[in-house]
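Asker: Dropping a structure here in structure tokens format, bear with me for questions.
Bear in mind these aren't lab numbers, they're just calculated from the coordinates by the rules spelled out. In this text the structure is predicted, and so the values were computed from the model without any measurement. Counting neighbours? That spans all protein chains shown, and the Cβs are built from the backbone with ideal geometry, glycine included.
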Amino acid sequence: MNDLAYNLDDFTWQVSNDRYHIGDVNTESGELKRAIILSLEGEGLPFNDYVPQKNPAMFFDFANTDPTEARVLAFANQYGSLKPKYFNLAKIDADNEPKYYEEISEWFNEMREMAKVLDFWDSINKKDNEKLSQQIHLESNGYCYTDGFFKEQYLVRINKKPKDLTNPALEAVATMIDAAFVRHPIKRSLGHNYVEKCLYRSPMIKDLISLLWFQVEEMVVQNRAFRTCAVCKKYFEIKPPVTRKTKIYCSGACNAAAYRKRKAK
Ligand SMILES: [Zn+2]
């Protein structure tokens, strides 16, 4: 297995456009599982490199809609596999054929878990205490919520019953993200900036799923704001000094498209 990790900005991933399909795979345990499968048949080099961090809102694409096989396929065809680079973990199926695949259930679990974190974060930002009271379940000794997808129960250690549920919700978000990095560890190393003559902390990314969780962590720690483009509906980051109200298009191209549409009316 390729265990190499790269600096956030140097991290490239490979996508193999339109060579993925969904099917059944005989796994090592002998069970038939739904999987996303990479086909290496056909002409030419099957992979294109890209730099995932150029799109710091990619995690919205991953998490934001209900997990279905069609969604997994669309995401893989656009951004590649989640874990093994190049799908280089060739597994031998029952017919003695090497197969390059990831189980769909793993994709679904990560999508659901990330959606849950984003849902919490949304309620926190909107100060939607009513929704938070549905997301956080009260136990006799404090607050707790259940993560139904990884079958773990996290206790949020707050013994009083606060009216404002922001703090227990923040703790729930922290716990879920911490758990994601137990599944998909990211090492930190120190980078050296020769021009500025300083050191900086740098995450070492080795696969796409850990990058997606890193993006989520960045959003909650740096309090980054995102919104959907009024034209193409893609998520993009709003950086100061622009505000949520003034910036409604993701790019010059979408701005121009909206202008042309207004003019045509
Ligand atoms: Zn746009």
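Asker: For region 225-265, what relative contact order do you get, as a whole percent, if you take Cα pairs closer than 8 Å and at least 6 residues apart?
Answerer: 36
Asker: Using 0.36 nm per residue of separation minus the Cα-Cα distance, give me the extension gain between LYS127 and ARG188 in nm, one decimal.
Answerer: This chain segment gains 18.7 nm when fully extended.
Asker: Right, next: How much length is gained if the chain between LYS163 and ASP66 is pulled fully straight, taking 0.36 nm per residue apart and subtracting their Cα-Cα distance, in nm to one decimal?
Answerer: 31.8 nm
Asker: Report the residues of region 56-85 in range of a label on HIS21: point 7 Å along Cα→C-beta, backbone N strictly under 16 Å from it.
Answerer: Answer for region 56-85: 70, 73-74, 77.
Asker: Let me ask you something else. What is the set of long-range amide H partners of ILE238 at a cut-off below 5 Å, with H atoms built 1.01 Å from backbone N?
Answerer: Here the answer is ALA225, PHE226, ARG227, since their amide H atoms fall under 5 Å of that of ILE238.
Asker: Oh, and also: In region 1-82, what GluC sites (Glu not before Pro) fall in a loop by DSSP, with at most 15 other Cβ atoms inside 10 Å?
Answerer: GLU28, GLU31, GLU41, GLU43
Asker: If r is the Cβ-Cβ distance from SER251 to ARG112 and R0 is 25 Å, what FRET efficiency results, to the nearest 0.05?
Answerer: Efficiency computed from Cβ-Cβ geometry: 0.25.
Asker: While we're here: Using a 7 Å offset from the Cα along the Cα-to-Cβ direction at both ARG260 and ASP119, what is the distance between the two label points in nm, to one decimal?
Answerer: Taking the two extended label points, one gets 3.9 nm.
Asker: Using the Karplus curve 6.51 cos²θ - 1.76 cosθ + 1.60 with θ = phi - 60°, what ³J(HN,Hα) values do you get for each residue of region 168-183, in whole Hz, with x for Gly and Pro?
Answerer: Values, residue by residue: x, 5, 4, 5, 4, 4, 4, 5, 5, 6, 4, 5, 4, 7, 6, 5 Hz.
Asker: Now for a separate question. For the pair SER29 and ALA230, what calculated FRET efficiency results from E = 1/(1 + (r/R0)^6), where r is the Cβ-Cβ distance and R0 = 35 Å, to the nearest 0.05?
Answerer: According to the calculation, E is roughly 0.15.
Asker: Let me ask something else about it. Which Cα, out of SER29, LEU40, GLN14, lies furthest along the positive dipole direction of region 6-62 (beta carbon charges, K/R +1, D/E -1)?
Answerer: It is SER29, whose Cα lies furthest towards the positive end.
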